[in-house]
1. Quick one: which residues, 5 or more positions from residue 83 or on another chain, have an amide H under 5 Å from its amide H? H modelled 1.01 Å from N in the peptide plane, none for Pro or chain starts.
2. State in Å² the accessible area per residue of the chain; use a 1.4 Å probe, count heavy atoms of protein chains only, and round to the nearest integer.
3. Rounded to the nearest 500, what is the 222 nm mean residue ellipticity of the chain from helices alone, with -39500 (n - 2.57) per DSSP H run of 4+ residues and division by all residues?
4. Let me know the charge dipole size of the range 1-87 about its Cα centre in debye, to the nearest 20, where only the beta-carbon of Lys, Arg (+1) and Asp, Glu (-1) is charged.
5. With the chain treated as a Gaussian network of Cα nodes joined by springs under 10 Å, which of 65, 29, 108 yields the largest mean-square fluctuation?
6. When the accessible area of the chain is computed with all protein chains present and a 1.4 Å probe, what percentage of it is carbon and sulfur?
7. Grab the chain and count how many Lys pairs have their alpha-carbon atoms under 23 Å apart, sequence gap of 8 or more, or different chains.
8. Would you mind computing, in nm to one decimal, how far apart the modelled labels at residue 41 and residue 9 are, each placed 7 Å from Cα along Cα→Cβ?
Amino acid sequence: HVGDANDRAFERLGIVMRRYANASASEDETRIKRCMAKELAPTKDTLLDMLFNIKTLGLPRKTLEIGYNLAEQHTDWYGSPRSVWGIGNGLTEYAKSIPFADQRSKVEMAAGKVFEMAF
């Protein structure tokens, strides 16, 4: 029996969401700028080798290369594909095309770990 647990949970969620919606965007903007400015490697191959060797990412080199190529196609959105922002968004972009949630989630979690490299 859950009683009014759902109501309480949604009420708390509403409080958190209102707080987030009313918060300043400057912290997020600062994080994004840091991700865009942090170059991980001087070349595509160096970057792919470096990320492939980070075992906690758990991604094959082919997946990393697809993410890189997508970031490279959208430099107007992501800037340098060798930056944290570029490769992280390239991987996220690739994840959108993966039909299975478990595989998509794996790529998205790896992209999150890449974003953390800027901090």
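The values are calculated or read from the model by the stated rules, or taken from the named source; none is laboratory data. The shown structure was predicted, so the numbers you read here are calculated from the model rather than taken from an experiment. With ideal geometry, Cβ positions are generated from the backbone for all residues, glycine too; neighbour counts draw on all protein chains shown. Each accessible area value is taken on the protein alone, full model and side chains, heavy atoms only, with ligands, DNA and RNA left out. Shrake-Rupley method; radii C 1.70, N 1.55, O 1.52, S 1.80 Å.
1. Close amide H contacts, sequence-distant or interchain: 40.
2. On the way: 7860 Å² over 119 residues.
Solvent-accessible surface per residue comes out at 66 Å².
3. On the way: 7 runs with 84 residues, N = 119.
Value at 222 nm, helices only: -22000 deg cm²/dmol.
4. Using Cβ point charges on Lys, Arg, Asp and Glu, the range 1-87 gives about 200 debye.
5. Looking only at 65, 29, 108, the largest GNM fluctuation is found for 29.
6. 55 percent
7. Pairs that pass both the separation and distance tests number 18.
8. Going by the 7 Å Cα→Cβ label model, 4.2 nm.
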